[in-house]
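The block underneath contains the structure these notes are about, expressed in structure tokens.
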Amino acid sequence: MATRRKPSSKPSEIPPEVRSEEARPPHTDAPSLAPPKFGIIIPVAAAFFLSFFYLVFVKYRIEPDLRRSIAINAAMSFGAFVLAVRMIPVAARYVLRRNLYGFDINKKGTPQGTIKVPESLGIVIGIVYLVIAILFQHFNFTSDSNWLVEYNAALASICFMILLGFVDDVLDVPWRAKLVLPSFAALPLLMAYAGHTTIIIPKPLIQYVGAAVLDLGWIYKLYMGMLAVFCTNSINIHAGLNGLEAGQTVVISAAVLIHNVMQIGASTDPEYQQAHAFSIYLVLPLLTTSLALLSYNWYPSSVFVGDTYTYFAGMALAVVGILGHYSETLLLFFLPQVLNFLYSCPQLFKIIPCPRHRLPRFDPQTGLLTGTKDGTLVNLFLRLFGRCTEQMLCIRLLIFQALSCLLCFWLRHVLAGWYK
Ligand code: UD1
Ligand code: MG
């Protein structure tokens, strides 16, 4: 990519300031990172978790074993948050030392725009997440061990995606290759998947299809792979503003968790409850580690998340949607990403030229962003609602994400019984 510098093997190509740093240990060679910005993040997270625990422990009658597993998962996820907050500054020094950094494009022309911002900090989040998710298996008190196969296949896909995301950050692979990387990463899940391949036809469509349940066979697996490709890439291209990549993941994860608890509370079928509990175990650590990343990535970003993170977050959400059998609901939570993807299609498929970065224009005099003609939701919001600061634009887009999730809950409520 244009702004990122790759490490060079030839000493003559290494800039003098970097060469002198090479000799020193990594913990002394870079200015320390700005402290995490907990300002808005902690109160919003606290309000969410209070509502979540109210639903799990007070509102719904949930089996004690399931409650216990959720409580342990929540405690471990909190540990993951603390660990990630501590690890990010350490890892930031290491990535800077290997020249993995980017310049903040929306600050170009100001002193902040000349600072080397450490890139790919998603690698820390991915590793902390995997460690917690792997250890958690020891504490899930269920008599049915079939879930272990799917759980580990999901983790293998997530792990493969983190690897390919990091490869992309380091090698900066071309756009066409970027698009297919998630289909490789989804393979462990697709190959291990032994669940049903049927879909329930929406009631209004039964008369046209001629059946209430349709077995799609291998087409179902193709659909699963396509969902993984969509979720990962759609998060990656709805990006480029401080806090947007991690922020959208936080909002979607929070909505997924509420959806899961509501489904567990409303059902008496143990298999159905298990599928949604499974989703909670994978999404809770995603939420807390993303909050840790957001605290450093929030405006003004002291670290960038990298494609490692956008692919990891997209894959984690895709696997829970697939294995929890609620991919339609997930796609409604992804409404801004769907709109951004549709709006991007002419540029993605090269019908009209697509520059390397499709970001707004920054005016260093006023500090405001102006929308360009590039087909992204970020630019569309600026054109529709007027020029604003980067932070305000990110907040507007996250509010839109939250409203899309609320719309999804409302639609599910209104269509219940009529649609399925
Ligand atoms: C995708 C988008 C691209 C967008 C980029 C921003 C498409 C087809 N590609 O490309 O238009 O510009 O994401 O992430 O839609 N950056 C900032 N501020 C931020 C985050 C990132 O300036 O808050 C810049 C930094 O220079 C950073 C770089 O974007 O180094 C990361 O870009 P990268 O993730 O490599 O871009 P793509 O995912 O390929
Ligand atoms: Mg990216």
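The values are calculated or read from the model by the stated rules, or taken from the named source; none is laboratory data. Everything numeric in this text was worked out from a predicted model, so none of it was measured. Cβ coordinates were reconstructed from backbone atoms using ideal geometry, including for glycine residues, and neighbour counts include every protein chain displayed.
Selection of segment 301-339 for residues being within 16 Å of ligand 1 (Cβ to nearest atom), of a type outside the set (Gly, Ala, Ser) and surrounded by fewer than 24 Cβ atoms within 10 Å (Cβ to Cβ) yields PRO336, VAL338, LEU339. For segment 232-252, a residue qualifies if it is over 21 Å from CYS345 (Cα atoms) and more than 10 Å from the chain's Cα centre (by Cα), and the qualifying residues are ASN242, GLY243.
Does at least one position in segment 403-412 carry a residue that is basic (Lys, Arg), assigned to a helix (DSSP H, G or I), farther than 20 Å from ASN236 by Cβ and touching a Gly at 6+ places or on another chain (Cβ under 9 Å)? No - not one qualifying residue is present in segment 403-412.
If I filter segment 290-300 for residues that are away from ligand 1 (no atom under 16 Å from the Cβ) and either surrounded by fewer than 24 Cβ atoms within 10 Å (Cβ to Cβ) or within 16 Å of GLY243 (Cα to Cα) (or both), do I get at least one hit? Yes, segment 290-300 contains at least one residue that is away from ligand 1 (no atom under 16 Å from the Cβ) and either surrounded by fewer than 24 Cβ atoms within 10 Å (Cβ to Cβ) or within 16 Å of GLY243 (Cα to Cα) (or both). If you check THR372 against the conditions, is it loosely packed, with under 13 Cβ neighbours inside 10 Å, hydroxyl-bearing (Ser, Thr, Tyr) and in a loop (DSSP other than H, G, I, E, B)? No; evaluated as a whole, the condition is false for this residue. Would it be correct to say that ILE200 is surrounded by fewer than 19 Cβ atoms within 10 Å (Cβ to Cβ), more than 30 Å from ALA292 (Cβ to Cβ) and in contact with a Lys or Arg (Cβ under 6 Å, 6 or more places away or on another chain)? Judged against the criteria, ILE200 is a match.
Answer with yes or no whether VAL85 is modelled with pLDDT of 95 or more, crowded, with 18+ Cβ neighbours inside 10 Å and either touching a Ser or Thr at 6+ places or on another chain (Cβ under 7 Å) or on the phi > 0 side of the Ramachandran plot (or both).
Against the criterion (modelled with pLDDT of 95 or more, crowded, with 18+ Cβ neighbours inside 10 Å and either touching a Ser or Thr at 6+ places or on another chain (Cβ under 7 Å) or on the phi > 0 side of the Ramachandran plot (or both)), VAL85 qualifies.
Please find, within segment 121-163, the residue that is surrounded by the most Cβ atoms within 10 Å (Cβ to Cβ) out of those that are small (Gly, Ala, Ser) and free of Cβ contacts under 8 Å to residues at least 12 places away in the same chain. That would be SER145. Test LEU377 against the stated conditions and say whether it is surrounded by 14 or more Cβ atoms within 10 Å (Cβ to Cβ) and more than 17 Å from the chain's Cα centre (by Cα). Yes; evaluated as a whole, the condition is true for this residue. Scan segment 269-277 and tell me whether some residue there is away from ligand 1 (no atom under 12 Å from the Cβ), among the aliphatic types (A, V, I, L, M) and in contact with a Gly (Cβ under 9 Å, 6 or more places away or on another chain). Yes, there is a match, as at least one residue in segment 269-277 is away from ligand 1 (no atom under 12 Å from the Cβ), among the aliphatic types (A, V, I, L, M) and in contact with a Gly (Cβ under 9 Å, 6 or more places away or on another chain). Here ALA416 does not fit the description of being of a type outside the set (S, T, N, Q) and touching a Phe, Trp or Tyr at 6+ places or on another chain (Cβ under 9 Å).
For segment 165-185, which residues satisfy the criterion of being within 11 Å of ligand 2 (Cβ to nearest atom) and surrounded by 15 or more Cβ atoms within 10 Å (Cβ to Cβ)? Once the filter is applied, which keeps residues that are within 11 Å of ligand 2 (Cβ to nearest atom) and surrounded by 15 or more Cβ atoms within 10 Å (Cβ to Cβ), segment 165-185 yields GLY165, ASP168, ASP169, LYS178. Scanning segment 219-231 for residues that are within 16 Å of ligand 1 (Cβ to nearest atom) and within 18 Å of PHE349 (Cβ to Cβ) returns VAL229, PHE230.
Annotation note: of TYR208, TYR220, TYR272, the sole residue that is farther than 30 Å from LYS116 by Cα, of a type outside the set (S, T, N, Q) and in contact with a strand residue (DSSP E or B) (Cβ under 9 Å, 6 or more places away or on another chain) is TYR220.
The number of residues in segment 371-392 being touching a helix residue (DSSP H, G or I) at 6+ places or on another chain (Cβ under 8 Å) and within 11 Å of ligand 1 (Cβ to nearest atom) comes to 7.
Being within 20 Å of ILE162 (Cβ to Cβ) and touching a Lys or Arg at 6+ places or on another chain (Cβ under 8 Å) is the filter here; which residues of segment 97-117 pass it? Please lay out each step first, then the result.
Residues of segment 97-117 within 20 Å of ILE162 (Cβ to Cβ): 98, 100-102.
Result: LEU100, TYR101, GLY102.
Helices (runs of 4 or more DSSP H) fully within segment 180-283 that include at least 1 residues being in contact with a Pro (Cβ under 6 Å, 6 or more places away or on another chain), β-branched (Val, Ile, Thr) and without any contact (Cβ under 8 Å) to a residue 40 or more places away in the chain: none found.
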